[in-house]
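Asker: Here it is, the structure in full.
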Amino acid sequence: KGYHVAVVGATGAVGQQMLQTLESRNFPISKLTLLSSERSAGTKIFYKNEEYIVKAAKPESFEGVQIALFSAGGSVSRELAPEAVKRGAIVIDNTSAFRMDENVPLVVPEVNEEDLKLNKGIIANPNCSTIQMVVALEPLRKNYGLQKVIVSTYQAVSGAGVAAIKELEQQSQAILNGEEFTPSLLPVKNDEKHYQIAFNVIPQIDTFQENGFTFEEMKMINETKKIMHMPELQVSATCVRLPVVTGHSESVYIEVDKLNVTADQVKQLLLEADGVTLQDDPAQQIYPMPAYCVGKNDVFVGRIRKDLDQSNGFHMWIVSDNLLKGAAWNSVQIAESLVKLKLV
Ligand code: 11C
């Protein structure tokens, strides 16, 4: 006994991790439908040693599907998620298409699992850099209240997909071989200029908005407020792309409501928090790093310090696998929560 599950975008960086995660969690699947854009249709994929041929996603592809995991870009979700819902599926959408829609719960199970009960067919999976931050901040919000968040991110290229990983690899090879190359993808495929990412850092993720923030930064700001049910929370973000393949890192400054909280109390809370691994021992040089977090579902937190001037201010360093907790694992975790809460 299990569910008819569809994965839309099965050949992408996140889609592949979704399949691996479904398999490793032994998610109850009675039938699996693998879908993609027209371009990737025909690709062969193995799931539990069985070969599947990926088909081009169409409205009819969702007949009989109970749970549809979407990660094939916003336009595919906008077109096909409502078609899947019309046919009786619950959609877990990993794109930004519906995240700010007030009828769509935006869910990180460690923070707002109960919001799943409000779903009308579509559930949105937040942006990767938002997810890992709110998992670490929620225990602090619950215990001490939260006033302000200022975050700077150090994001891996896999957040921009398989092609961006290739671009980093090709540029790195070219530079080491002393060859010429022309950047053609990052920071944003459809933007006017493209810059080298190998041996470089690019302070632009997604396109600039009229207020001077990028769309990635606005996603972190707006999604954090929605997930934590705190429209009044002061949040600002600076999002930066690094030549790292997988694993987003974040330097986060927060101010809590409660005065006189100590760094040790914050560490103790995070030590006990669901989905968090505390790695914080400066004396032993222990702190999270992306290369060591890849392939793990948890959010890793370290470098926890009290601000030297602001008595309710704390600094911390948060790292997670952007393809797992940032995308595939959070989506599968939502599916597991739906089963647990008998919502599917
Ligand atoms: C990045 N955070 O690293 C983006 C990728 O809204 O789900 C995820 C985009 C999204 O480029």
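The values are calculated or read from the model by the stated rules, or taken from the named source; none is laboratory data. The shown structure was predicted, so the numbers you read here are calculated from the model rather than taken from an experiment. Quick reminder, even Gly has a Cβ in these numbers, built from the backbone with ideal geometry, and neighbours come from all protein chains shown. Heavy atoms of the whole protein, side chains included, go into the accessibility calculation; ligands, DNA and RNA do not. Shrake-Rupley method; radii C 1.70, N 1.55, O 1.52, S 1.80 Å.
Asker: Roll a 1.4 Å probe over the protein chains and send me the accessible area per residue for region 3-153 in Å².
Answerer: 41 Å²
Asker: Moving to a separate point now. If you take the charge dipole of the chain about its Cα centre, with +1 on Lys and Arg Cβ and -1 on Asp and Glu Cβ, which of TYR154, GLN170, SER40 is farthest toward its positive end?
Answerer: SER40
Asker: What does the charge count near SER152 come to, summing +1 for each Lys or Arg and -1 for each Asp or Glu among other residues with Cβ under 11 Å from its Cβ?
Answerer: With Lys, Arg at +1 and Asp, Glu at -1, the neighbours total -2.
Asker: Calculate what fraction, in whole %, of the accessible area of region 1-93 sits on carbon and sulfur atoms when a 1.4 Å probe is rolled over the protein chains.
Answerer: 46 percent
Asker: If you roll a 1.4 angstrom probe over the protein chains with everything in place, what fraction of the accessible area of region 285-344 belongs to carbon and sulfur, to the nearest %?
Answerer: For region 285-344, the apolar C and S fraction of the accessible surface comes to 54 percent.
Asker: Per the Kirkwood treatment, what hydrodynamic radius in Å, one decimal, follows for the chain from the mean inverse distance over all distinct Cα pairs?
Answerer: 20.7 Å
Asker: Over region 240-326, give the accessible area per residue in Å² for a 1.4 Å probe, as an integer.
Answerer: Value returned for region 240-326: 47 Å² of accessible area per residue.
Asker: Provide the gained length on full extension for the span GLU38 to LYS189, in nm with one decimal, where the gain is 0.36 nm per separating residue minus the Cα-Cα distance.
Answerer: Stretched fully, the GLU38-LYS189 segment lengthens by 52.4 nm.
Asker: Hey, in the GNM for the chain with a 10 angstrom Cα cutoff, which one of GLY161, GLY212, GLY64 fluctuates hardest?
Answerer: GLY212
Asker: Could you list the trypsin sites (Lys or Arg not before Pro) in region 1-91 that lie in coil according to DSSP, counting only those with at most 12 other Cβ atoms within 10 Å of their Cβ?
Answerer: Sites meeting the loop and neighbour criteria: LYS1, LYS48.
Asker: Counting other C-beta atoms within 10 Å, and keeping those with at most 15, which DSSP coil GluC sites (Glu not before Pro) do you find in region 168-215?
Answerer: For GluC sites (Glu not before Pro) across region 168-215 that sit outside H, G, I, E and B with at most 15 neighbouring Cβ atoms in 10 Å, the list reads GLU179, GLU180, GLU192, GLU210.
Asker: Go ahead and run the numbers for FRET between ARG87 and ASN211, Cβ-Cβ distance against an R0 of 35 Å, rounding to 0.05.
Answerer: In this case the efficiency is close to 0.35.
Asker: Just reorder TYR195, TYR292, TYR52 by solvent-accessible area, largest first, 1.4 Å probe, all chains present.
Answerer: TYR292, TYR195, TYR52
Asker: Next question, about the same structure. Which loop-located GluC sites (Glu not before Pro) does region 71-105 contain, where loop means any DSSP state but H, G, I, E or B and the Cβ has at most 14 other Cβ atoms within 10 Å?
Answerer: Qualifying residues, ordered by number: GLU102.
Asker: Mind checking the full-extension length gain between MET100 and ILE29? Use 0.36 nm per residue of separation minus the Cα-Cα distance, one decimal, nm.
Answerer: Full-extension gain reported as 22.6 nm.
Asker: Given a 1.4 Å probe and every protein chain left where it sits, what share in percent of the accessible area of region 179-256 is carbon and sulfur?
Answerer: 50 percent
Asker: Using the per-residue mean of other Cβ atoms lying within 10 Å as a proxy for protection, in what order, highest first, do the peptides 105-112, 319-326 fall?
Answerer: 319-326, 105-112
Asker: Continuing with the same structure: Would you kindly derive the ³J(HN,Hα) couplings of region 15-22 from the backbone phi angles with the Karplus curve 6.51 cos²θ - 1.76 cosθ + 1.60 (θ = phi - 60°), listing them in order in whole Hz, with x for Gly and Pro?
Answerer: Taking θ as phi minus 60°, the curve returns x, 5, 5, 4, 5, 4, 5, 4 Hz for region 15-22.
Asker: Let me ask something else about it. Taking the Cα centroid of region 281-336 and of region 1-74, what is the distance between the two, rounded to the nearest whole Å?
Answerer: 29 Å
Asker: I've got another one for you. Mind running the shape call on region 1-156? Use the C-alpha gyration tensor, a ≥ b ≥ c as the square roots of the eigenvalues: rounded below 1.5 for a/c, prolate if a/b tops b/c, oblate otherwise.
Answerer: prolate
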